[in-house]
1. Among the residues of region 125-137, which ones are surrounded by 14 or more Cβ atoms within 10 Å (Cβ to Cβ) and either touching a Lys or Arg at 6+ places or on another chain (Cβ under 9 Å) or not hydroxyl-bearing (Ser, Thr, Tyr) (or both)?
2. I'm trying to understand the selection: among the residues of region 89-98, which are farther than 15 Å from Leu129 by Cα and open to solvent by less than 40 Å² (accessible area, probe 1.4 Å)?
3. For Gln4, all conditions in the list (1) over 20 Å from Leu84 (Cβ atoms); (2) exposed (fewer than 15 other Cβ atoms within 10 Å of the Cβ) hold save one; what is the number of the exception?
4. So how many residues does region 35-72 have that are within 15 Å of His117 (Cβ to Cβ), out of contact with any Phe, Trp or Tyr (no Cβ under 6 Å at 6 or more places or on another chain) and surrounded by 17 or more Cβ atoms within 10 Å (Cβ to Cβ)?
5. Taking region 58-78, which residues are closer than 22 Å to Gly145 by Cβ, over 18 Å from the mean Cα position of the chain (by Cα) and without any contact (Cβ under 8 Å) to a residue 12 or more places away in the chain?
Amino acid sequence: MHLQFQNLAQRQEYIPLVIRWWHSVWSERMGSDFRSLEIHLHRLLKRKDFPVHMLALQDEQPVAIAVMKLHELEKLFPKRRYWLGSVFVEPSCRGRKLGSSITQYIVELAQSRGLPHLHLQTQNLSGGLYTSLGWKPLERLTVYGEETLLMVKQLG
């Protein structure tokens, strides 16, 4: 099975699917007005630099998404720039290292743009797959009422 990566801006027919994926995990943060969520995502896809929404497709079917962002948790970390976020793998496709593949793709994309590092947050307090990919823990904190691990990957 061939895995390829495409910018969601080039495959906007998958916006409703991506919204459903994210909503299945983060519904309490997103609300339930799917039309507004789609309009907002369409606007984000028009931006030139950040965010960059990358789809992983296997045999032309979307199986995962991840986003390279300028900011995440901006109120908590106004000076921390460059993030990996919104990573999601289609539940029926889990266990095939797709999360690792799309994370590595975002890392390579960030390196190609000359970014010095990427941050991420995860509820897996051991760092999970990110630790195995070379990400380092920075601090534990509570975000949206959940224990979270802030991590960084140096790219230079």
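1. Hits for region 125-137 are Gly127, Gly128, Leu129, Tyr130, Leu133, Trp135, Pro137.
2. Across region 89-98, the qualifying residue is only Cys93.
3. Single failed check for Gln4: (1).
4. 2
5. Residues satisfying the conditions are Lys75, Pro78.
One line per residue, one yes/no per condition, for (1) closer than 27 Å to Trp135 by Cα; (2) assigned to a loop (DSSP other than H, G, I, E, B):
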site	(1), (2)
Gln6	yes, no
Arg20	no, no
Phe50	yes, yes
Lys75	yes, yes
Val87	yes, no
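The values are calculated or read from the model by the stated rules, or taken from the named source; none is laboratory data. In this text the structure is predicted, and so the values were computed from the model without any measurement. Positions of Cβ are generated from backbone atoms using ideal geometry, with glycine treated the same way; all protein chains shown enter the neighbour counts. Only protein heavy atoms, including side chains, enter the accessible area calculation; ligands, DNA and RNA are left aside. Shrake-Rupley method; radii C 1.70, N 1.55, O 1.52, S 1.80 Å.
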